[in-house]
Amino acid sequence: MRLGVTLPHFTDDPEKVLDAARRAQRAGLDSLWLFDHLWPLSGGKNRPILECWTTLAWVAAQTQHIIIGSLVTRSSLRNPHLLAHMAATVAQVAPGRLIVGIGSGDAVSRPENLAFGLPYWAGEERHAQLVETVETVRSQVAGRARVWVAGHAEALRLVAGRIADGWNGWDRTPELFAREAAIVDGCEVTWGGLAILGRDDDDAERRAGSRDRSKFVVGGPDKIADHLARLARAGAKHLVVTFPDAGESGPYEMLAGEVKPRLLDLLGRSNS
């Protein structure tokens with residue numbers, strides 16, 4: 001079981017990202033991840049954001065043993081051969097530590113692509129373009145990095161099992177995740193999602209404030225550990241948590257020091 005976090009790169013301060021990466025590594029977490037967008041997911045399009053792959057290269061050079069990756073690179077943002085060359089370069093900086101998560105995007109991605117003059121595919125064309133990208137990247141990084149496919153469509157899950165090293169199901173409940181993961185065969189099954197972690201459930205609720213609870217798992221270490229354990233029992237071997245306050249000291253340390261031991265204890269008891 002591996003446990004990772006996304007880095008706070010919706011910022012114009014690269015030191016904030018590097019500080020977070022170092023904190024996660026010191027805490028004993030297993031992996032670090034970056035989203036790949038040309039504008040932020042929330043907070044307005046003019047909010048600053050650091051580019052995924054140049055930031056990954058920098059983080060790769062400034063960390064040692066921890067896994068790094070994209071969660072996920074959208075296949076339509078770059079020419080597949082360019083992406084493959086970029087990934088191969090980062091894999092040279094961090095041999096054996098890189099995971100290239102690749103997704104095709106969806107209708108929500110369309111405005112971002114069009115705003116920057118990038119092609120947007122739909123239906124069968126989008127599926128074919130993803131497959132081409134995954135195969136191209138794998139041919140360049142084979143043996144030096146792993147490739148995951150992300151997406152909920154049945155066709156994508158089948159593709160992941162056929163040509164990728166892993167499949168990532170983002171923002172799924174344990175029940176839905178289990179149903180989707182059931183047809184993924186031949187690769188590692190992984191999960192990613194949003195969480196707000198506090199010292200206890202009341203503290204987590206205070207931290208959540210006015211945020212939409214339907215988008216987050218909100219709770220103290222026991223509640224978060226229980227949720228992650230249910231995902232692990234559903235098949236997830238690598239869990240990636242996104243905290244809205246990742247730029248502050250506390251969430252990574254609590255995830256590693258308090259949630260992870262509880263998670264492993266729950267999984268140990270369920271297997272005994």
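Within 13 Å, Cβ to Cβ, of Glu253, how many net charges do the neighbouring residues add up to if Lys/Arg are +1 and Asp/Glu are -1? Cβ neighbours under 13 Å give a net charge of +1. In summary, the aspartates and glutamates within cross-link reach of Lys223, defined as a Cα separation below 15 angstrom excluding same-chain residues under 8 places away, comprise Asp200, Asp201, Asp202, Asp203, Glu205, Glu258, Asp265. Spatial offset of the stretch 54-70 relative to the stretch 221-272 amounts to 22 Å, using the alpha carbon center of each.
Quick check: the angle from helix 14-27's long axis to the longest principal axis of the chain, C-alpha only, nearest 10 degrees? Relative to the chain, helix 14-27 is tipped by roughly 50 degrees. With a threshold of 25 Å on the Cα-Cα distance, the over-threshold entries among Lys16/Lys45; Lys237/Lys260; Lys45/Lys215; Lys16/Lys237 are Lys16/Lys237. Taking Lys and Arg as +1 and Asp and Glu as -1, the other residues whose beta-carbon sits under 10 Å from that of Trp53 total -1. For the peptides 150-156, 115-121, 6-12, residues were scored by their other Cβ atoms within 10 Å and the scores averaged per peptide; the highest-first order is 6-12, 150-156, 115-121. Taking Lys and Arg as +1 and Asp and Glu as -1, the other residues whose beta-carbon sits under 12 Å from that of Asp222 total -2.
In degrees between 0 and 90, to the nearest 10, how far off the longest principal axis of the chain does helix 52-62 point, with axes built from Cα atoms? Tilt relative to the chain: about 60 degrees. Short-range pairs are left out: with C-alpha atoms under 8 Å and at least six residues apart, the relative contact order of the chain is 18 percent. Among the trypsin sites (Lys or Arg not before Pro) found in the stretch 1-84, those both in a DSSP coil and sparsely packed, with 12 or fewer other Cβ atoms within 10 Å of their Cβ, are Lys45.
Against the chain, whose longest principal axis is taken from its Cα atoms, helix 80-93 shows a tilt of about 50°. The alpha carbon gyration tensor of the stretch 2-271 gives principal lengths a ≥ b ≥ c with a/c below 1.5, which makes the shape rounded.
Remark on the stretch 163-272: Rg and Dmax equal 14.1, 44 Å (Cα only).
Note on Leu264/Asp202: beta-carbon distance plugged into 1/(1 + (r/R0)^6) with R0 of 30 Å gives a FRET efficiency of 0.75.
Quick note: the coordinates plus some simple rules give every number you see, no bench work behind them. Everything quoted here is computed from the prediction, not taken from an experiment. Note that each Cβ is placed from the backbone with ideal geometry, even for glycine, and that neighbours are counted across all protein chains shown.
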